[in-house]
Amino acid sequence: MKLSIGAKIEHPKYGEGAIYSEIGQFWKIFFLEEGEREIGKSYDGLTLLEPSELDKDEDLTMESVEEKLRSILQEYVEKPRIIELGNKWEGGTMTLQPADSDLKPKEIPLETFFHKIVMMRDKLRVLEQNVNSHKSLSDEEKVNLQQYITRCYGSMTTFNVLFAHKEDYFSGGTK
């Protein structure tokens, strides 16, 4: 099986993903369920779902390679994964009560609030991918920006109470 950058694959544990880079003897793969992982090129548990578009082109330029990779990653990043709200919260509302009793409280359906939290997490993942693949940033700048993203994930652990499944929880670091 011939794998190359841009190929869509399936891993027995991590599910569907796309190869977006290689480092020595490792593929860098972005998985729908797990985010970014490095898998050894010698690992034989990957199933090729779709060969790389890059293998089909004869006149490759750096721009065409970047555009194809961008479209592949965009497909995976924008494809929403179904994340369940904990049963105890279904149909519930969140009430924000101002300290000033003359002001009316604001009620927000928990499904709406939950959706916004999940969208924020997805946007943090996109930001993380953009930082990691940015051409003009030095490694030191990438690490510094990555630390801010990690702190954002850590700040969001308060909202873990909303999730039905522990694997959907925020942690103090990125996945």
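Values quoted throughout were computed directly from the atomic coordinates according to the rules given, and no laboratory measurement underlies them. Treat the numbers as computed from the prediction; the structure is a model and nothing was measured. So basically every Cβ, Gly included, is an ideal-geometry build from the backbone, and we count neighbours across all protein chains shown.
For this structure, a couple of remarks:
- Trypsin sites (Lys or Arg not before Pro) restricted to DSSP loop in region 1-34 with at most 13 other C-beta within 10 Å: Lys2, Lys13
- Among the listed pairs Lys41/Lys142; Lys41/Lys123; Lys8/Lys28; Lys88/Lys123; Lys28/Lys166; Lys2/Lys135, those beyond 23 Å (Cα-Cα): Lys41/Lys142; Lys41/Lys123; Lys88/Lys123; Lys28/Lys166; Lys2/Lys135
- Amide H to amide H distances under 5 Å link Glu33 with Glu16, where only residues 5 or more positions off or on other chains count and H is placed in the peptide plane.
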